[in-house]
Amino acid sequence: MRITYADIDGFRNLSGISFAPDPKYNIIAGPNAQGKTNLLEAMWILSGCRSFRGSKEKDYICLDGNRMSSKIKLRDSVREQKIEFEMTRSASSPKNIHLNGVKQKGTRALFDVFKCIAFIPDDVEIIKGSPEKRRSFIDMAASQLNPVFVVHLNKHNAIMNQRNALLKDISQGNSPASVLEIWDRQAAREGTIISYMRNEYVSKINEICGRLYRTISGGNEELELEYRSNVFRPEDFDSPADSQAEEQYYRKLQDTSEYDIRTGSTHSGVNRDEIIIKINGVSARDYGSQGQIKSAALVMKLAQAEIFMKRSKDAPVVFLDDVMGELDENRQRFVLDMIKDMQVFLTTPNEAALLPEIKGKLLYISEGRITDEKSNISSCGE
Ligand SMILES: Nc1ncnc2c1ncn2[C@@H]1O[C@H](COP(=O)(O)OP(=O)(O)O)[C@@H](O)[C@H]1O
Ligand SMILES: [Mg+2]
């Protein structure tokens, strides 16, 4: 799929941005703090995902303005669709989302329409950060493949919130411990599904990561991902996710429930899962060099794109924020080759550092506006 038209106004520092993107490469250039990343973010939020910057929706509106809007036209193999996201500071109806002119309740429906993958400098946190970062990467990638996964994740979250509130009630003597059972049965049902889906996605991505990392490292380094479920052993996943598996999950929750009541939080289940990432057999998080960590994060994202491509006839749109200029020539070529069938939006403070084959539309951004627009150029000015 590709964006054929974008119109953004009042989103952070952006104003009056309107352009017809190149079907292939779109280079967003300009000095620091001019709005390059904002431009990617303004399009990204139309995918129904939370901002890749982890910011709150109210921060989208320009500090000295009252409204923002971000609109795109999106063409896939079937048709052209229109997504509109508008927000005002008004308390009554702050957010307005339209898909093909039809008002939507929230951003949920957009998730099935606009598929994109963002590569950002913060991706190294997938390797270096807390286990939660790895879980959310896997959850998000698996959801993109199978949107029903989001439903299970949301249900599980809601159950956990209820359970954790209940733990406090029990410790204060306001509820008997027996009330946990009903929540634990539901948590076991959702948690079992989530564990199996995570296991499936991790083994799929592990296979691809191994191959890609060998290539990017010149054939002498191994990248491995391993799902460490808090409940199930690897061999348990050979059996189906049936009532017996749920029972196993339920028992695990019961095992820690006394401790949970004392501490007021849940210590077993999918919220305690880990995804171990190893380079040459040792933990990348603990022993990886900067370069290895960067390459591993890049490879995981590329693997996500490859899995998505295999499943869908519509390639996702790719956003590369300050990523290309940082890579040496070989790595840039490797990335380009992987994303060759996808529409790309990339930001860079220095378009001269890009490979000459990156030809397309060049947009200069200054103080939130497009100050120059060139088509069909090479980044080296050929
Ligand atoms: N809500 C907002 N309202 C107005 N300006 C904002 C808002 N949020 C961020 N900015 C401005 O956006 C600019 C940073 O944009 P960014 O896209 O990160 O720059 P870069 O070109 O370096 O990627 C800064 O000047 C910052 O002050
Ligand atoms: Mg930036």
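Just so you know, all these numbers are worked out from the coordinates, no wet-lab data involved. Here the structure is a predicted model, which means the values were calculated and not measured. Neighbour counts are summed over all protein chains in view; Cβ atoms, including those assigned to glycine, are modelled from backbone coordinates with ideal geometry.
Can you divide the C-alpha Rg of the stretch 170-283 by 2.2 N^0.38 Å and report the result to two decimal places? Spell out each step's value before the answer.
Numbers: Rg = 17.9 Å, N = 114, 2.2 N^0.38 = 13.3 Å.
Against the empirical 2.2 N^0.38 Å value, I get 1.35 for the stretch 170-283.
What FRET efficiency comes out for Ala352 versus Glu200 if R0 is 45 angstrom and r is the Cβ-Cβ distance? Round to the nearest 0.05.
Taking R0 as 45 Å, the efficiency between Ala352 and Glu200 is 0.55.
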Item to check | Normalised convex hull volume, the chain, alpha-carbon set, Å³ per residue | outcome: 159
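How big is the Kirkwood radius of the stretch 296-382, worked out from every pair of different alpha carbons and given in Å to one decimal?
Details: mean 1/r = 0.0712 Å⁻¹.
The answer is 14.0 Å.
Using a Förster distance of 51 Å, how high is the FRET efficiency between Glu373 and Arg262, based on the Cβ-Cβ distance and rounded to 0.05? Walk me through the intermediate numbers first.
Working: r = 62 Å, r/R0 = 1.21.
The formula returns an efficiency of 0.25 here.
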Next on the checklist: Among the complete DSSP H segments of the chain, which ones combine at least 27 Å of alpha-carbon extent along their axis with a mean Kyte-Doolittle hydropathy of -1.0 or more?
Outcome noted: 148-171, 180-216, 290-311
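Go through the stretch 274-382 and name the trypsin sites (Lys or Arg not before Pro) that are in a DSSP coil and have 16 or fewer other Cβ atoms within 10 Å of their Cβ.
Values: sites: Lys278, Arg285, Lys294, Lys301, Lys310, Arg311, Lys313, Arg331, Arg333, Lys340, Lys359, Lys361, Arg369, Lys374; in loops: Lys313, Lys340.
In loop regions of the stretch 274-382 (DSSP not H, G, I, E or B), the sparsely surrounded trypsin sites (Lys or Arg not before Pro) are Lys313, Lys340.
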Checklist entry - GNM on the chain, C-alpha springs below 10 Å: top fluctuator among Glu221, Glu181, Glu200? => result Glu181
Checklist entry - Does a label point 7 Å from the Cα of Lys58, set along Cα-to-beta-carbon, have any residues of the stretch 83-117 with amide nitrogen under 17 Å, and which are they? => result 87-96
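Taking the stretch 133-184 on its own, what percent of its Cα-Cα pair distances exceed 18 Å? Walk me through the numbers before you get to the answer.
On the way: 612 of 1326 pairs.
So the pairs more than 18 Å apart make up 46 percent of the total in the stretch 133-184.
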Checklist entry - Leu63: net charge of surrounding residues, Cβ under 14 Å, Lys/Arg +1, Asp/Glu -1, itself excluded? => result +2
Next on the checklist: Test of understanding: in a Gaussian network model of the chain with alpha carbons linked when under 10 Å, which of Asn26, Asn271, Asn220 would top the mean-square fluctuation ranking?
Outcome noted: Asn220
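How large is the translational diffusion coefficient of the stretch 59-110 in µm² per second when you combine the Kirkwood radius over alpha carbon pairs with Stokes-Einstein at 25 °C and 0.890 mPa s?
On the way: Rh = 12.0 Å.
Value of D from the Cα-based Kirkwood radius: 204 µm²/s.
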Checklist entry - Most fluctuating residue of Arg233, Arg214, Arg12 in a GNM of the chain with Cα springs under 10 Å: which is it? => result Arg233
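When a footprinting reagent is the concern and you count Cβ atoms within 10 Å, what order do Asp169, Asp64, Asp184 take, fewest first? Don't skip to the answer; put the middle values down first.
Working: Asp169 14, Asp64 7, Asp184 23.
The most exposed by this proxy come first: Asp64, Asp169, Asp184.
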Checklist entry - Among residues other than Ala142 whose Cβ falls under 11 Å from its Cβ, what is the net charge (Lys/Arg +1, Asp/Glu -1)? => result +1
